[in-house]
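Enquirer: I'd like to ask you about the structure that follows.
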Amino acid sequence: MAAQINPSILSADFARLADEAKAVEGADWLHVDVMDNHFVPNLTLGVPVVESLARATDTPLDCHLMIEAPDRWAPQYVEAGAGSVTFHVEAAAAPVRLAREIRAKGARASMALKPATPIEPYEDLLPELDMLLIMTVEPGFGGQAFLDIMLPKVRRTRELISKHGLELWLQVDGGVSASTIERCADAGADVFVAGSAVYGANDPAEAVRALRNQAGAATAKASWACDH
Ligand SMILES: O=C(CO)[C@@H](O)[C@H](O)COP(=O)(O)O
């Protein structure tokens, strides 16, 4: 799969969300950060805003739920128009049942791991998922420094995906920019969330194109991609 760039709406101007969504049309997905001030120490938006965003843009919505009780809420984000819904394994009561429910409702099912959560205990869950998100910062805020120490986890996850012959996408989120995206691609990521690197740029659409080219070139040279 070609490298995908998903601009994170967290770095956009929340008073102009529809315009900010349109400013990055051409991106693969729009990453929508849902925070409840319980699972993470920040509060953003909920189901009604996602419904409005889905009407405002043709870019599919990649909703990242940084919330407690995702088992209860995730299906509502599918109904609101999300094409992909990510729940955190640290918050989910029944991750397999939840992934199946998201898929049954017609969206891609994705699971996220905070920096301190290892991938190994979840190897058997991977076939239930369409995407695995590895956080490369502590979730909660945009503009944080990329955690290099997450790269071995990205590499290990890519190995597990290959070992099981899965089509699973591998997303990284947090501190992804022109100076870190190549390391992420080399380690095995193929979906890149970028907030400040896109919305902090003079031309957000051009920033998406540049990041995609950079990630694509790094992937072409990466050993994990050459094996396929
Ligand atoms: O989920 C989160 C933060 O919790 C991310 O989506 C950030 O919003 C990414 O922003 P940058 O680190 O790219 O500025």
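Enquirer: Given a 1.4 angstrom probe, what's the average accessible area per residue across region 88-211, in square angstrom?
Expert: Per-residue accessible area for region 88-211 comes out at 41 Å².
Enquirer: Of D58, D28, D173, which is the most mobile in a GNM of the chain whose springs link Cα atoms less than 10 angstrom apart?
Expert: D58
Enquirer: Between A217 and E51, what length comes free when the chain is fully extended (0.36 nm per residue of separation minus the Cα-Cα distance, one decimal in nm)?
Expert: Stretched out fully, the A217 to E51 stretch lengthens by 56.2 nm.
Enquirer: Using a 10 angstrom cutoff on alpha carbons, build the Gaussian network for the chain and name the most mobile of A201, A15, A112.
Expert: Among A201, A15, A112, the largest GNM mean-square fluctuation belongs to A15.
Enquirer: Same structure, new question: GNM on the chain, C-alpha springs below 10 Å: top fluctuator among A74, A12, A187?
Expert: Greatest mean-square fluctuation among the candidates belongs to A12.
Enquirer: With +1 assigned to the C-beta of every Lys and Arg and -1 to the C-beta of every Asp and Glu, and no other charges, what is the dipole magnitude of region 4-222 about the Cα centre in debye, to the nearest 20?
Expert: 320
Enquirer: Full-extension gain between A104 and A116, please, as 0.36 nm times their residue separation minus the C-alpha to C-alpha distance.
Expert: Gain in length upon complete extension: 1.3 nm.
Enquirer: In straight Cα distance, which lysines are under 27 Å from K163, not counting same-chain residues fewer than 8 positions off?
Expert: Output for K163: K114, K153, K221.
Enquirer: Next question, about the same structure. Leaving out ligands and nucleic acids, note down the accessible area per residue over region 1-45 with a 1.4 angstrom probe, in whole Å².
Expert: Values: 1840 Å² over 45 residues.
Per-residue value: 41 Å².
Enquirer: Given labels modelled 7 Å from the Cα in the Cβ direction, how far is it in nm from D203 to A18?
Expert: Distance between label points: 2.6 nm.
Enquirer: Mind putting a number on the dipole of region 39-119 about its Cα centre? Charges go on the C-beta only, +1 for Lys and Arg and -1 for Asp and Glu, and I need it in Debye to the nearest 20.
Expert: The calculated dipole for region 39-119 is roughly 200 debye.
Enquirer: Of V172, M135, A220, whose Cα points farthest to the positive end of the dipole of region 4-222 (charges on the beta-carbon: +1 Lys, Arg; -1 Asp, Glu; origin at the Cα centre)?
Expert: Of the listed residues, the answer is A220.
Enquirer: Can you tell me the FRET efficiency between L166 and A145 if r is taken as the Cβ-Cβ distance and R0 is 25 Å, rounded to the nearest 0.05?
Expert: Here the calculated transfer efficiency is 0.25.
The values are calculated or read from the model by the stated rules, or taken from the named source; none is laboratory data. It should be emphasised that the depicted structure is a prediction, and the values quoted were computed from it without experimental measurement. So basically every Cβ, Gly included, is an ideal-geometry build from the backbone, and we count neighbours across all protein chains shown. We work out accessible area using only protein heavy atoms, side chains counted, and drop any ligands, DNA or RNA first. Shrake-Rupley method; radii C 1.70, N 1.55, O 1.52, S 1.80 Å.
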